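Have a look at the structure below, then the notes.
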Amino acid sequence: MSTKKVSTNKRTATKVALSALAVFMTAGTAAWAAECENPDELTFAIIPTEETVAELQLYQPITDRMAKLTGKKIQFFMPTSYASVVEGLLSKFIDVAVLGPYSYVIANSKDKNIEVFATYAKRPGHLQEEGPGYKAALVTKKGSKFTSIDALKGSVLGLVDPGSTSGNLFPRVVFSKNVGGDLDKYFKKVVYTGSHELSTVAVAKGKVDAAFVATHRFDNVVNKGEVKLEDFNVLWSSPAIPQDPFVYRTPLCQDVKDNIKATFTGLSADVPGEKKFLDNVKSNKFVSMSSSDYDVIRALKKAKDERKKKKN
């Protein structure tokens, strides 16, 4: 009798303990789930181009698709610079963005919660090669005296933006080895134009003597008829650079992030609006990307930072 009573008490105590553990685990899971961000609205932004207003229309099928898949209202943020997009991500004002590779590395170094998830695989173009990469090209106006790198000494150089990969980082770290290591000493003047499109047009109009531009951005200007391919010399091109990273903030809930990624990787040329977007960005599809794909940019950034420290 006594033994049976003790055994019953033990079983009762075990049941109570297990129930308490289950409640604790459920509460813990709920608390963990509550930690992710699940806003009613997502803000999407892209690094500025010459026609950012037109880009708003270009991305309309994308924002519509993202709204449908995520169930969220999508706001499109009009940036003024590469830095403004990065700052928007850091301040949690922007949730999803298209960055340049260099600006992504800068943003990710400041906040690991800013993470790449995809990029586009470009179709071949005039200077652009097929795949998820592009190059920095040094262009001059055909018919000018600037037909070689040596001829550019003492000329005016156009760069894009301090946060640009092909329009600033590669010229200053990779190309600069061809001119003694300091662009500001080799060229009479170095100016920032604000976009690859503006740099291309500036060369065509003689406002700068040479400029570094991204191959796919250069192709866009040619395709719009603003310049002619045959009016340019290409004096140098860089090794392949990973294409512009599409990023989101990782504190967003997993289903939200999965649907943001699916917005791009699931685009179909069979859907008219989506086909138009893919045609406009000269791509057949989007491909998944990870942070390590941009390690080559991190290495260049490190080299640039170290050179700057020595210079100062």
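The values are calculated or read from the model by the stated rules, or taken from the named source; none is laboratory data. Since the structure is predicted, the reported quantities are computational estimates derived from the model, not experimental observations. A quick note on method: Cβ atoms are made from the backbone with ideal geometry, for glycine too, and the neighbour counts reach across all protein chains shown.
Applying the selection to the range 182-217, what residues are surrounded by fewer than 24 Cβ atoms within 10 Å (Cβ to Cβ) and either among the aromatic types (Phe, Trp, Tyr) or assigned to a strand (DSSP E or B) (or both)?
Residues satisfying the conditions are Tyr186, Phe187, Lys189, Val190, Val191, Tyr192.
Inspect the range 149-159 for any residue being surrounded by 18 or more Cβ atoms within 10 Å (Cβ to Cβ), modelled with pLDDT of 95 or more and either under 17 Å from Pro48 (Cβ atoms) or within 19 Å of the chain's Cα centre (by Cα) (or both) and give the result as yes or no.
yes
Go through the range 165-181 residue by residue and tally those that are over 22 Å from Leu229 (Cβ atoms) and surrounded by 23 or more Cβ atoms within 10 Å (Cβ to Cβ). Break it down stepwise before answering.
Just the residues of the range 165-181 that are over 22 Å from Leu229 (Cβ atoms), to begin with: 165, 168-169, 172-174, 176-181.
Those still in the list that are surrounded by 23 or more Cβ atoms within 10 Å (Cβ to Cβ) too: 165, 168-169.
Final tally of qualifying residues: 3.
Scan Lys224, Lys228, Lys282, Lys275 and give me the residue that is at pLDDT below 95 and assigned by TED's automatic domain parsing to the domain that holds Lys142. Don't jump to the end; show me each part of the working.
Numbers: Lys228 fails: at pLDDT below 95; Lys282 fails: assigned by TED's automatic domain parsing to the domain that holds Lys142; Lys275 fails: assigned by TED's automatic domain parsing to the domain that holds Lys142.
Matching residue, one of Lys224, Lys228, Lys282, Lys275: Lys224.
Checking the structure you have, find out if any residue of the range 171-182 is touching a helix residue (DSSP H, G or I) at 6+ places or on another chain (Cβ under 7 Å) and more than 17 Å from Leu235 (Cβ to Cβ).
There is at least one residue in the range 171-182 that is touching a helix residue (DSSP H, G or I) at 6+ places or on another chain (Cβ under 7 Å) and more than 17 Å from Leu235 (Cβ to Cβ).
On the basis of being among the hydrophobic types (A, V, I, L, M, F, W, C), surrounded by fewer than 15 Cβ atoms within 10 Å (Cβ to Cβ) and either modelled with pLDDT of 95 or more or not assigned by TED's automatic domain parsing to the domain that holds Asn168 (or both), does Phe93 make the cut? Outline the logic, then answer.
Working: among the hydrophobic types (A, V, I, L, M, F, W, C): yes; surrounded by fewer than 15 Cβ atoms within 10 Å (Cβ to Cβ): yes; either modelled with pLDDT of 95 or more or not assigned by TED's automatic domain parsing to the domain that holds Asn168 (or both): yes.
Spelling it out, Phe93 is indeed among the hydrophobic types (A, V, I, L, M, F, W, C), surrounded by fewer than 15 Cβ atoms within 10 Å (Cβ to Cβ) and either modelled with pLDDT of 95 or more or not assigned by TED's automatic domain parsing to the domain that holds Asn168 (or both).
Identify the residue in the range 273-301 that is charged (D, E, K, R), surrounded by 13 or more Cβ atoms within 10 Å (Cβ to Cβ) and assigned to a helix (DSSP H, G or I) and, among all such residues, is nearest to the chain's Cα centre (by Cα).
First, the residues of the range 273-301 that are charged (D, E, K, R): 274-276, 279, 282, 285, 293, 295, 298, 301.
Keeping just the survivors that are surrounded by 13 or more Cβ atoms within 10 Å (Cβ to Cβ) gives 274-276, 282, 285, 293, 298, 301.
Applying the additional criterion that residues be assigned to a helix (DSSP H, G or I) yields 274-276, 293, 298, 301.
On the way: Glu274: 20, Lys275: 21, Lys276: 21, Asp293: 12, Arg298: 14, Lys301: 15 Å.
If we take residues in the range 273-301 being charged (D, E, K, R), surrounded by 13 or more Cβ atoms within 10 Å (Cβ to Cβ) and assigned to a helix (DSSP H, G or I), then Asp293 is nearest to the chain's Cα centre (by Cα).
Report yes if some residue within the range 226-244 is surrounded by 16 or more Cβ atoms within 10 Å (Cβ to Cβ) and small (Gly, Ala, Ser); otherwise report no.
Yes: one or more hits.
Pairs, please: C-beta under 7 Å, at least 6 apart or cross-chain, first residue under 18 Å from Ile260 (Cβ atoms) and in the range 38-60, second acidic (Asp, Glu) and modelled with pLDDT under 70?
Sorted first by the residue in the range 38-60, then by its partner, the pairs are Ile46/Glu55.
For the range 218-233: of the residues being in a helix (DSSP H, G or I) and more than 23 Å from the chain's Cα centre (by Cα), which is farthest from Gly125 (Cα to Cα)?
Within the range 218-233, the subset in a helix (DSSP H, G or I) is 218-223, 229-231.
Still in the list and also more than 23 Å from the chain's Cα centre (by Cα): 229-231.
Details: Leu229: 11, Glu230: 14, Asp231: 16 Å.
Only one residue fits best here, namely Asp231.
Looking only at the range 162-181, count every residue that is free of Cβ contacts under 8 Å to residues at least 24 places away in the same chain and in a loop (DSSP other than H, G, I, E, B) and tell me the total.
Initially, the range 162-181 is screened for residues free of Cβ contacts under 8 Å to residues at least 24 places away in the same chain, giving 176-177, 180.
From what is left, the residues that are in a loop (DSSP other than H, G, I, E, B) are 180.
Of the residues in the range 162-181, 1 are free of Cβ contacts under 8 Å to residues at least 24 places away in the same chain and in a loop (DSSP other than H, G, I, E, B).
Looking only at the range 107-144, filter to residues that are touching a Leu at 6+ places or on another chain (Cβ under 9 Å) and without any contact (Cβ under 8 Å) to a residue 60 or more places away in the chain; which one of those is surrounded by the most Cβ atoms within 10 Å (Cβ to Cβ)?
It comes out as Asp111.
Looking at the range 107-122, which of the residues that are at pLDDT below 95 and not charged (D, E, K, R) is farthest from Asp244 (Cα to Cα)?
Keep residues of the range 107-122 that are at pLDDT below 95, which gives 120-122.
Then drop every residue that is not not charged (D, E, K, R), which leaves 120-121.
Details: Tyr120: 8, Ala121: 10 Å.
Filtering first and then ranking leaves Ala121.
If we scan the range 235-243, do we find a residue that is among the hydroxyl-bearing types (Ser, Thr, Tyr) and under 23 Å from Pro39 (Cα atoms)? It would help to see each step written out before you state the result.
Step one: of the range 235-243, the residues among the hydroxyl-bearing types (Ser, Thr, Tyr) are 237-238.
Filter again for under 23 Å from Pro39 (Cα atoms), leaving none.
No.
Is it true that Asp270 is charged (D, E, K, R), surrounded by fewer than 20 Cβ atoms within 10 Å (Cβ to Cβ) and touching a helix residue (DSSP H, G or I) at 6+ places or on another chain (Cβ under 7 Å)?
no
Taking Thr147 as the residue in question, decide whether it is touching a residue at least 40 places away in the same chain (Cβ under 8 Å) and assigned to a strand (DSSP E or B). Quick ask: steps written out before the conclusion?
On the way: touching a residue at least 40 places away in the same chain (Cβ under 8 Å): yes; assigned to a strand (DSSP E or B): no.
So Thr147 does not fit the description; no.
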